[in-house]
Amino acid sequence: MFSRLHILGLSVAIVLAGSAWAQTQPPPGGGGSQMPPDTPTGAARGGNPGIVPQDQQIDPYITDKVFVRSVAESSATEVQLGKLAQEKASSDAVRELGKRMAEAHAQTGEQLKQAGAALNIQVPSETPRKAKKAQDKLAKLSGPDFDRVYIKMAADEEKQAVKQFEREAKDGKVAGVRDFAARNLSAEQERQKQAEELASTGTGTAARQK
């Protein structure tokens with residue numbers, strides 16, 4: 001009798017231990033990862049339970065948001081530097097470039113606010129740090145030196161802007177922002193061309209000196 005009871009108790013202990021072990025193991029395919037508490041209930045349906053799909057872990061609109069913020073900063077910088085060029089440039093050609101840049105990018109900034117509304121992004125209104133740094137550098141220059149450095153800054157800003165507009169026009173996820181990029185791409189390319197052509201002529205110092 002003792003032997004039978006001993007065997008029965010041992011069997012029950014083994015069954016209970018096996019059940020407890022099974023409850024502590026991660027679900028099949030789960031790799032031991034835990035779902036965030038804010039993950040929708042059906043996030044793992046149709047896939048491995050316990051794993052959050054990658055497209056839900058990453059903001060699907062991150063590229064659009066980066067585009068809006070980057071272009072807002074670039075446009076504000078071009079406006080500030082363009083105004084400074086109208087005041088300090090020694091060449092009519094450089095002053096004219098500064099005027100075009102300031103006016104065009106002021107319009108771009110206003111349009112960008114509307115595009116950013118689609119993503120609930122508040123476009124900053126204050127002068128970006130990059131613009132302040134560039135202004136400080138240009139404020140110390142005059143004559144041909146100012147013209148040369150300003151044109152290079154303007155050309156570099158436009159070059160980066162064109163790349164951003166091309167990327168957003170091709171890969172943007174938010175229709176309003178993507179359309180904004182596609183609509184303004186040619187104008188950005190034209191301004192880049194103008195700045196680079198002026199730089200190639202010796203920064204305009206040979207043309208129409210004041």
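Coordinate-derived values only; no laboratory data. The structure presented is a predicted model; accordingly, all values stated were derived computationally and were not measured. Heads up, the Cβs are rebuilt from the backbone with ideal geometry, glycines too, and the neighbour counts pull from every protein chain shown.
The separation of the stretch 76-123 from the stretch 142-196, counted between C-alpha centres, amounts to 11 Å. Put simply, when 149-159, 132-142, 186-196 are sorted by average Cβ atoms within 10 angstrom per residue, most first, you get 149-159, 186-196, 132-142.
Here the Karplus curve 6.51 cos²θ - 1.76 cosθ + 1.60, taken at θ = phi - 60°, turns the phi angles of the stretch 124-138 into couplings of x, 9, 7, 5, x, 4, 4, 5, 5, 5, 5, 4, 4, 5, 5 Hz, with x standing for Gly and Pro. Charge dipole (Cα centre; +1 on Lys/Arg Cβ, -1 on Asp/Glu Cβ; no other charges) of the stretch 146-191 amounts to roughly 120 debye. Along its first, second and third principal axes, ordered by size, the stretch 62-200 spans 45, 28, 19 Å in Cα coordinates.
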